[in-house]
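Asks: Once you've had a glance at the structure underneath, I'll fire off some questions.
Each reported figure results from applying straightforward, stated rules to the coordinates on display, with no laboratory input. Computed from a prediction, not measured in an experiment: that's the story for all the values here. Cβ placement follows ideal geometry from the backbone for every residue including glycine, while neighbour counts extend to all protein chains displayed.
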Amino acid sequence: MPSLGGLLKKRRTKDSHDFGDSHTDDSGASMQPASHASPQNTGQSNAASIDNIINSNSGNSNDSQSQTQSHGQGQPAQKPERVTKGKYSQEDFQLQRTLGTGSFGRVHLVQSKHNHRFYAMKVLKKAQVVKMKQIEHTNDERRMLNRVRHPFLVTLWGTWQDSRNLYMVMDFVEGGELFSLLRKSQRFPNPVAKFYAAEVTLALEYLHAHQIIYRDLKPENLLLDRHGHLKITDFGFAKDVPDITWTLCGTPDYLAPEVVSSKGYNKSVDWWSLGILIFEMLCGFTPFWDSGSPVKIYENILRGKVKYPPYLHNDAVDLLSQLITSDLTKRLGNLHGGPDDVKNHAWFAEVTWDRLARKDIDAPYIPPIRGGQGDASQYDKYPEETEHYGQEGEDAYGHLFPDF
Ligand SMILES: Nc1ncnc2c1ncn2[C@@H]1O[C@H](COP(=O)(O)OP(=O)(O)OP(=O)(O)O)[C@@H](O)[C@H]1O
Ligand SMILES: [Mg+2]
């Protein structure tokens with residue numbers, strides 16, 4: 001059972017206004033870890049539901065082509081001018097509305113005063129990071145994000161700090177959270193879940209090949225780009241793990257049993273979470289959910305009994321039972337065949353992986369946004385931060401974040 005030293009994130013709740021800082025008990029574990037994935041809990045999301053906009057291969061017929069041709073703002077086309085030199089500051093960006101808040105951070109839409117493109121700026125309060133013992137995770141977040149480059153991972157463009165906060169500027173991913181789309185849709189049809197699961201699988205394959213485990217897979221961290229392809233954001237728990245690690249972190253209903261029971265673990269945990277994600281996309285709720293308390297969720301995870309609803313396709317059940325298994329010698333993705341075992345599973349039979357990697361497969365849902373214009377309509381509204389960014393003054397913690 002999770003006890004000291006770890007940190008657990010909570011899930012979205014009904015009302016965006018509840019999304020503030022995570023509440024921790026003495027153990028550092030979240031007191032309000034998750035909300036039930038019931039359709040009533042959909043909040044104020046503006047996302048349209050999948051039912052009315054499943055793409056029947058119309059429009060957007062060649063996504064890789066449209067990506068290449070699009071020179072819109074925020075989503076650099078084919079060859080992005082990745083700015084790697086120099087530091088930015090608040091002065092370089094015009095602050096706009098909040099796009100999301102999480103356990104430690106707030107993410108704003110911002111517009112560059114130079115190229116006028118839109119970006120997402122994640123702001124972390126240093127005092128809060130220190131208080132919640134997240135110094136190492138935060139430095140890792142920056143380091144891992146800076147290292148990765150993949151079509152299904154968000155791109156980091158620059159970071160800096162002032163006396164109070166850390167700042168990370170990333171792509172603004174315009175289509176909103178997969179979470180909002182899922183709650184509005186209640187559950188996804190088999191092919192829709194398959195499309196998103198396949199893109200996540202490629203991203204995990206890439207991360208693991210670079211010895212990075214992600215550790216926080218959930219629909220809140222999966223964003224849709226303007227063409228409906230996924231981008232994974234939130235590298236707050238991503239870590240370079242060549243061998244084994246022990247830290248308890250993640251989000252309760254997505255935790256693998258080896259994390260819950262405080263055993264050492266590795267990339268196996270991401271394959272378990274992929275199973276939970278696929279289950280949630282297909283069913284609309286997670287398999288070990290309990291409305292009572294996180295402890296109940298952990299008990300369910302350790303008991304490991306999954307009830308597969310009768311509407312699930314046999315292939316899906318077969319895949320899920322091989323991902324959501326506590327037996328690490330049986331968990332797909334974690335075996336000798338690696339990610340190929342997942343990709344070659346019957347449920348993914350019709351996926352052409354190389355085309356998918358080129359974004360050459362139509363997304364099932366195209367977010368209704370005006371691309372490149374800072375259209376944040378797919379994101380929930382949040383009360384805005386009143387603190388003025390870019391303050392000078394005493395800085396007790398700056399030295400703890402040398403890379404920012
Ligand atoms: N690049 C982005 N473009 C648009 N919105 C984003 C981007 N990155 C993050 N967001 C929004 O901000 C929210 C919070 O960001 P993030 O998950 O990184 O913060 P966090 O504090 O680590 O979150 P949590 O505790 O919920 O896991 C995301 O769920 C998403 O809605
Ligand atoms: Mg998050």
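Asks: For K231, are the conditions met, namely being among the basic types (K, R) and either assigned to a loop (DSSP other than H, G, I, E, B) or more than 9 Å from ligand 1 (Cβ to nearest atom) (or both)? If you could, list the steps in order and put the result at the bottom.
Replies: Numbers: among the basic types (K, R): yes; either assigned to a loop (DSSP other than H, G, I, E, B) or more than 9 Å from ligand 1 (Cβ to nearest atom) (or both): no.
It is false that K231 is among the basic types (K, R) and either assigned to a loop (DSSP other than H, G, I, E, B) or more than 9 Å from ligand 1 (Cβ to nearest atom) (or both).
Asks: Another question about this same structure. Going through region 251-279 one residue at a time, which ones are within 13 Å of L8 (Cα to Cα), touching a strand residue (DSSP E or B) at 6+ places or on another chain (Cβ under 9 Å) and part of a helix (DSSP H, G or I)?
Replies: Residues satisfying the conditions are P252, V259.
Asks: Does any residue of region 170-181 turn out to be of a type in the set (S, T, N, Q) and farther than 30 Å from P368 by Cβ?
Replies: Of region 170-181, the ones of a type in the set (S, T, N, Q) are 180.
Checking which are farther than 30 Å from P368 by Cβ leaves us with none.
Within region 170-181 (the criterion being of a type in the set (S, T, N, Q) and farther than 30 Å from P368 by Cβ), the answer is no, since none of the residues qualifies.
Asks: Just checking, does region 257-273 include any residue being in contact (Cβ under 8 Å) with a residue 12 or more places away in the chain, touching a Ser or Thr at 6+ places or on another chain (Cβ under 8 Å), surrounded by fewer than 16 Cβ atoms within 10 Å (Cβ to Cβ) and of a type outside the set (F, W, Y)?
Replies: yes
Asks: In addition: Which of the residues belonging to region 343-365 are without any contact (Cβ under 8 Å) to a residue 60 or more places away in the chain and of a type in the set (S, T, Y)?
Replies: Result: T352, single match.
Asks: Within region 298-342, which residues are more than 27 Å from V260 (Cα to Cα) and charged (D, E, K, R)?
Replies: Result: D315, single match.
Asks: Turning to a different aspect of this structure: In region 95-149, what residues are polar (S, T, N, Q) and surrounded by 15 or more Cβ atoms within 10 Å (Cβ to Cβ)? Steps first, answer last, please.
Replies: Applying the first criterion (polar (S, T, N, Q)) to region 95-149 yields 96, 98, 101, 103, 111-112, 115, 128, 134, 138-139, 146.
Within region 95-149, Q96, T98, T101, S103, Q111, S112, Q128, Q134, T138, N139, N146 qualify.
Asks: Looking at L217, L166, L222, which is the one that is within 13 Å of ligand 1 (Cβ to nearest atom), without any contact (Cβ under 8 Å) to a residue 60 or more places away in the chain and crowded, with 23+ Cβ neighbours inside 10 Å? Let's see the steps before the verdict.
Replies: Details: L217 fails: without any contact (Cβ under 8 Å) to a residue 60 or more places away in the chain; L166 fails: without any contact (Cβ under 8 Å) to a residue 60 or more places away in the chain.
Residue meeting the stated conditions: L222.
Asks: Mind checking which residues of region 327-355 are in contact with a Phe, Trp or Tyr (Cβ under 9 Å, 6 or more places away or on another chain) and surrounded by fewer than 17 Cβ atoms within 10 Å (Cβ to Cβ)? Write out each step before concluding.
Replies: Step one: filter region 327-355 for residues in contact with a Phe, Trp or Tyr (Cβ under 9 Å, 6 or more places away or on another chain), giving 328, 331-334, 339, 342-343, 351.
Result: no residue meets the conditions.
Asks: Inside region 146-162, can you point out the residues that are more than 25 Å from H399 (Cα to Cα) and assigned to a strand (DSSP E or B)?
Replies: Matches in region 146-162: L153 only.
Asks: Further question on the same structure: Just checking, does region 136-144 include any residue being among the hydrophobic types (A, V, I, L, M, F, W, C), under 16 Å from the mean Cα position of the chain (by Cα) and more than 15 Å from ligand 2 (Cβ to nearest atom)?
Replies: Initially, region 136-144 is screened for residues among the hydrophobic types (A, V, I, L, M, F, W, C), giving 144.
Subsequent filtering for residues that are under 16 Å from the mean Cα position of the chain (by Cα) retains 144.
Those still in the list that are more than 15 Å from ligand 2 (Cβ to nearest atom) too: none.
No, because not a single residue in region 136-144 is among the hydrophobic types (A, V, I, L, M, F, W, C), under 16 Å from the mean Cα position of the chain (by Cα) and more than 15 Å from ligand 2 (Cβ to nearest atom).
Asks: Next question, about the same structure. Please work out if G228 is on the phi > 0 side of the Ramachandran plot, more than 14 Å from ligand 2 (Cβ to nearest atom) and either among the small types (G, A, S) or free of Cβ contacts under 8 Å to residues at least 60 places away in the same chain (or both).
Replies: Taking the combined requirement at face value, the residue satisfies it.
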